[in-house]
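Report on the structure given below.
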Amino acid sequence: MPRGRSAEAMRQVTRDRVAKQRERAEQAAELARQREAEARHLEEASRERAHAEALAKAAADVERERRAAEATARRQAEADRLAKHAAEEEERHRTRPITILSASRWLGESPLTTLARVRHAELPLVRGLPGDRVRACDVEALILADARRQPPVYHHLAQAPLIAEGQIITLSDACAIFAVPIPEDVDTSVPVAEAVCPKCSNWLEEHGLLWQCLDWSRCGYQAVRAGDTWRQRAGWFGVWAPPRERERQVRKWPVCVRFAQAPQLLGVPQSDDGAPSITYPAPPPPPARPSVAAPRSSPSVYFRAAGGGVGPSYRSRFERLMNEGT
Ligand SMILES: [Zn+2]
């Protein structure tokens, strides 16, 4: 191998190596650049993801807060509604109409006394069906007002009506006490016929002396009234019979009833008006009487100027002598 060629070859080899090295370095640099770009890209992506997550979280927070506010508002509205309903219900309970019988029990007096109160407008009456009643709050107010007046009147709640079972009361009083309508002997809202047609059982209409069947165009029955008797109309052909008398379905009510019989007689429905919602004012406890057997024995207590004494005060020296012997 010639030396020149060899040297040339050596240089060529060296050049090749250098070129290869450069190429490798370039490849490495390219790789590094690629990795760097990849890393940057990943970083960017993760930042974007984080941003999106933060946005979503914020939106979720806002939504949750909105839901919570809505739920709170709904709960509040429900609570308000319940409170309003309870208040209305309480008011309705407070002003509910009760029978005079219940009111007398609440007032601890005879139903007749309470009825007199109502008739003297001391207790306002609530007109209604089936009977008139008084309001619970008015009775309660009366109990409280009586305890405040001078001298005070203290009512007590009675468990049963304070009236003798055999007490005789008028029917109208019984109706008012039990809050039932007064029964009427005759119901005047229904036209009453005096006589009934014997052929078709219709009522007879009065035309002066002549009485005609209500369904006269078809039945043709006529009768003439002469005093208390019926007679055939002049010119009547065929069989004729006097009209039948009307049957009066009238219940005879007694004027007076015994208190115990009235509910059954009047068909009073079983009702419970409950108890008043107030606490009854009670009389103050009687002042403790000073002990006569062993009074305190300080003379200044006994003979103090009038009105200022705090201890047992005797009305006279004699009374003290009788009690203490000094
Ligand atoms: Zn007829």
Highest-first arrangement of 99-112, 164-177, where packing means the average Cβ count within 10 Å: 99-112, 164-177
Within straight-line cross-link reach of Lys57, aspartates and glutamates at Cα separation under 20 Å, skipping those fewer than 8 residues along the same chain: Glu44, Glu48, Glu65, Glu70
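Using a 10 Å cut-off on Cβ atoms, rank the peptides 270-281, 198-209 from the highest mean neighbour count down. Each step should come with its number before you reach the end.
Numbers: 270-281: 12.7, 198-209: 14.8.
Peptide ranking by packing, descending: 198-209, 270-281.
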Mean Cβ count within 10 Å, highest first, over the residues of peptides 130-138, 154-162: 130-138, 154-162
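Rule-based calculations on the coordinates, nothing more; no lab input. This is a predicted model, so every value here is computed, not measured. Cβ atoms come from the backbone with ideal geometry, glycine included; neighbour counts cover every protein chain shown.
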